[in-house]
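Student: I have a structure I would like to understand better, so I am pasting it below and will then ask my questions one at a time.
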Amino acid sequence: MNLRSLPVFSRRAFAVAGLAAAAALVGCGKKEPAPAATAPAPAPSAPAPSPEPLKVAWVYIGPVGDAGWTYAHDLGRKAVEAEFGDKVKTTFVEKVLYADGERVIRDLASQGNKLIFATSFGYMDAMLKVAGEFPDVKFEHATGYKTAPNLRVYDARFYHDAYVSGIIAGSMTKTNTLGFVGSFPIPEVLRNINAFTMGAQSVNPKIRTRVVWVSSWFDPEKESAAAQELINKGADVLLQNTDSTAVLQTAEKNGKYAFGWDSDMSSYAPKAHLASNIVDWGPYYRKSVKEVLDGTWKGEQRTIWGKPEGANDVIKMSEAIPEAARQKAQQALDAIKAGTLEPFTGPVVDNTGKERLPKDEKATQEWKDKVDFFVKGVEGKVPAGK
Amino acid sequence: MNETALLINTALASGTTLALAALGLLVNERAGVLNLGAEGMMLVAAVAGFAAALTTGSDTLGFLAAAAAGAALAALFAGLVIFLNTNQYATGLALSLFGYGLSAFLGVSMVGKSLSPRQTYEVPGLSDLPFVGPALFSHHPMVYVAIALAVAIAWFLYRTRAGLLLRAMGENPEPAHALGYPVRLIRLGAVCVGGALCGLAGAYVSLVTAPLWVEGLTAGRGWIALALTVFATWRPARVLLGAYLFGGVTVLQLSLQAQGVAISSHLLTMLPYLATIVVLVLISRNPAFIRLNMPASLGKPFRPGS
């Protein structure tokens, strides 16, 4: 999810045009009354702490209506509102370009927000800089790796979902060929391809996975063409690491199977939908806000939550999945949740035959951060210049 | 063999978006008006078409609504550049940005909605033929509409008096004005036709290829269509060829990847652009031919009586 930017030209230009207004009207997306209190900020130098509600702000890369990445973060924001009610006051700014990140984050800090979440990789340096200027404001950055005394990072483990989906896919395929529509060959996406394949191989050793890169997080027409090509080449169960529902709908049209990604996509393809791989940022956001309210929040940390912490899940498993396979998937899900199953446990062999992780060894976070290969069973080579 | 047929099928289907939009832009550019707002018109039309198809359940009504929405935006643009003589480049860019924002705003409630199950189309009698059946005769009707439009536009431009008049608007409108032709009204009509076809292209994405609505759905196809008209030297047949070539190479590179061919996907991603530009530049490399076909008054405002 890290490169979740690469907007098409028009989006970039539009956001530039609209940003001045958007930044001035921070808070207009909120439902609570009296947003005017936040807008003009006559005394922008951080107001003194008071028993007022804790002001928390989110910076989004996309629109909250993207049905994917930003939508999921906004559900997390709503979960914070639901949990803390009057004790917090939330704000968000959507469609913030990386180039504008610093100004928007600084605006939010100077308007008295005491906790600020930025939800895309590219805000990393902007956040670090603003964090230095506002030592009494807490900053949280999704998917990054730079921290400070008042800045920490958080992420989710999508490969937990991908592994369980792999088990389902491996049980459903008739051609022993799976298809994956990838965005960019970065470690996160490669982890998901590998976990998907390894999950499938755990129930069906003959599995091959074909990968098509579309070089975009979001291009429904191209995603759809990629899915069609994978199906034409014999893949009958597809997973995607892109943002739209196009792959799922293409599978539906062809009478094949696919999964939802990032959010519940079951309604888009009643027959093709096998399960949805979701991310729930709510638990982490609630924890973070609670720590700030309690005064226990600490910077310099990296938190990566997955299935055990309730951040990732595979939901809405289809009736089409045979009972035995569904049980296997559920068992894997439970084992991951209990911490007894780590999808990346050796031996992990790449598709050139080289051992990447010795037998029975569990992958460290450092290992996972540097995945740059396909596991055995995935066809083709990882594009160079990852 | 069968795979090749399926490849051709996907190539035609994905080239149709560009073909529809670029043919529309060709018409209004032939009349001397450059509308850089293609992307904005496509987006607004895509959401309008999606909303119409969603509420009425009819794709036909969806396409009609999209064409109307595209034409309406184009008329707005025409009003500004033709009658108020605003700068065509700046106004077109503004229309693109405006259309992006407007479509996002109108589409908020459409995100996450899905249309009734899409049907497959087959030309009776022909779709059962080996190879050519699956390659050429199992398409959405819009694919054939695009081809018919290319033929119709070529015939109109080069074989009819009205077409000659339209081209005169793009070459040198003063004589036509002196002869009493309503230059500005003819240009208005051409721009609206351009908008309507861009509208069909937008709805083709939101109703057929995607089929869904999300913000920024067309992902820059409008800009590619604009470039295509230039590289195709404003000739309908070449526009069609360029669109299919672009669609074909896009699909081909995805197909190569699906086969596990070890070529950098970054390189492959460039291929459609490179191949389309190279081919169209080669067939149109004669400078005299370019001069002959480029509307001489493209982008220039016309002030009657000045």
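Student: With each run of n ≥ 4 DSSP H residues scored as -39500 (n - 2.57), what mean residue ellipticity at 222 nm is computed for chain B after dividing by its residue count and rounding to the nearest 500 deg cm²/dmol?
Tutor: Calculated mean residue ellipticity at 222 nm is -22500 deg cm²/dmol.
Student: Quantify how strongly other chains surround peptide B:13-20 by giving the mean number of their Cβ atoms within 10 Å of each of its Cβ atoms.
Tutor: Numbers: counts 4, 5, 0, 0, 1, 0, 0, 0.
Shielding by partners across B:13-20 averages 1.
Student: On the Cα set of chain A, report Rg and Dmax in Å, please.
Tutor: 21.4, 66
Student: Taking other Cβ within 10 Å of each residue's Cβ, how do B:S14, A:S263 sort, fewest first? Show your work: numbers first, answer last.
Tutor: Values: B:S14 26, A:S263 22.
Starting with the residue having the fewest Cβ neighbours, the order is A:S263, B:S14.
Student: Taking each full run of DSSP H in chain B as one helix, which ones are at least 18 Å long along their axis (Cα atoms) and have mean Kyte-Doolittle hydropathy of at least -1.0? It would help to have the intermediate numbers written out before the result.
Tutor: Values: long enough: B:2-30 (40 Å, 0.81); B:38-56 (26 Å, 1.55); B:59-78 (28 Å, 1.69); B:88-106 (26 Å, 1.07); B:141-159 (26 Å, 1.75); B:183-203 (30 Å, 1.60); B:236-258 (33 Å, 1.15); B:265-283 (28 Å, 2.09).
Sorted by number, the helices that extend far enough and score high enough are B:2-30, B:38-56, B:59-78, B:88-106, B:141-159, B:183-203, B:236-258, B:265-283.
Student: Return a whole-number percent for the relative contact order of chain B, with Cα pairs under 8 Å and 6 or more residues apart as the contact set. Could the numbers behind the result be given before it?
Tutor: Values: 559 pairs, mean separation 114.5, N = 306.
Across chain B, relative contact order equals 37 percent.
Student: Return the distance in nm (one decimal) between the two label points of a simple spin-label model at B:L267 and B:L164, each offset 7 Å from Cα along Cα→Cβ.
Tutor: 5.2 nm
Student: Taking beta carbons within 10 Å but only from partner chains, what does the mean come to for residues A:231-239?
Tutor: Values: counts 2, 12, 8, 2, 1, 0, 0, 0, 0.
Taking all residues of A:231-239 together, the mean is 3.
Student: What is the angle, in °, between the Cα long axis of helix A:282-294 and the longest principal axis of the Cα atoms in chain A? Nearest 10 is fine, range 0 to 90.
Tutor: On a 0 to 90 degree scale, this one is about 30.
Student: List the GluC sites (Glu not before Pro) within region A:282-349 that DSSP assigns to loop and that have no more than 14 neighbouring Cβ atoms inside 10 Å. Working shown, then result.
Tutor: Values: sites: A:E291, A:E300, A:E309, A:E319, A:E323; in loops: A:E300, A:E309, A:E319.
Listed in order of number, the matching sites are A:E300, A:E319.
Student: In percent, what relative contact order does chain A have, based on Cα pairs under 8 Å that are 6 or more apart in sequence?
Tutor: Working: 815 pairs, mean separation 61.1, N = 386.
Reported relative contact order: 16 percent.
Student: If you don't mind, there's one more thing I want to ask. Under the definition of Cα pairs under 8 Å and six or more residues apart, what whole-number percent is the relative contact order of region A:263-386? Walk me through the intermediate numbers first.
Tutor: Details: 128 pairs, mean separation 22.1, N = 124.
Here the relative contact order equals 18 percent.
Student: Kindly work out what percent of the DSSP beta bridges joining two residues of the protein assembly as shown are antiparallel, to the nearest 5.
Tutor: Details: 9 of 48 bridges.
So the antiparallel bridges in the protein assembly as shown amount to around 20 percent.
Student: What is the angle, in °, between the Cα long axis of helix A:124-133 and the longest principal axis of the Cα atoms in chain A? Nearest 10 is fine, range 0 to 90.
Tutor: For helix A:124-133, the angle is close to 20 degrees.
Student: Sum up the charges of everything whose Cβ sits under 15 Å from the Cβ of B:R238, counting Lys and Arg as +1 and Asp and Glu as -1, but leave B:R238 out. Don't skip to the end; give the middle numbers.
Tutor: Working: positive: B:R30, B:R235, B:R285; negative: B:E29.
With Lys, Arg at +1 and Asp, Glu at -1, the net is +2.
Student: Moving on to the next point. Using alpha carbons only, how many degrees (0 to 90, rounded to 10) separate the axis of helix A:158-172 from the longest principal axis of chain A?
Tutor: Rounded to the nearest ten degrees, it is 30.
Student: What does the charge count near A:K316 come to, summing +1 for each Lys or Arg and -1 for each Asp or Glu among other residues with Cβ under 13 Å from its Cβ?
Tutor: Values: positive: A:R326; negative: A:D161, A:D264, A:D313, A:E319.
Cβ neighbours under 13 Å give a net charge of -3.
Student: What is the fewest-to-most order of A:K174, A:K78 by other Cβ atoms lying within 10 Å of their Cβ? Don't skip to the answer; put the middle values down first.
Tutor: Details: A:K174 9, A:K78 14.
The fewest-first ordering by Cβ neighbours comes to A:K174, A:K78.
Student: Please identify the chymotrypsin sites (Phe, Trp or Tyr not before Pro) of region A:132-188 that satisfy two criteria: DSSP loop assignment and at most 13 other Cβ atoms within 10 Å. Which are they?
Tutor: Working: sites: A:F139, A:Y145, A:Y154, A:F158, A:Y159, A:Y163, A:F180; in loops: A:Y145.
Answer in residue order: A:Y145.
Student: Would you tally the net charge around A:K129, using a Cβ to Cβ cut-off of less than 13 Å, leaving A:K129 out, and scoring K and R as +1, D and E as -1? Before the final figure, lay out each step's value.
Tutor: On the way: positive: A:R103, A:R106, A:K146; negative: A:E102, A:D125, A:E133.
Around A:K129, the surrounding residues sum to 0.
Student: Taking a 19 Å limit on the Cα-Cα distance, which of the listed pairs A:K138/A:K290; A:K271/A:K337; A:K89/A:K129 fall beyond it?
Tutor: Table pairs above 19 Å Cα-Cα are A:K271/A:K337; A:K89/A:K129.
Rule-based calculations on the coordinates, nothing more; no lab input. Given the structure is predicted, the values throughout are model-derived calculations rather than measurements. Glycine also receives a Cβ, built like all others from the backbone with ideal geometry; neighbour counts cover every protein chain displayed.
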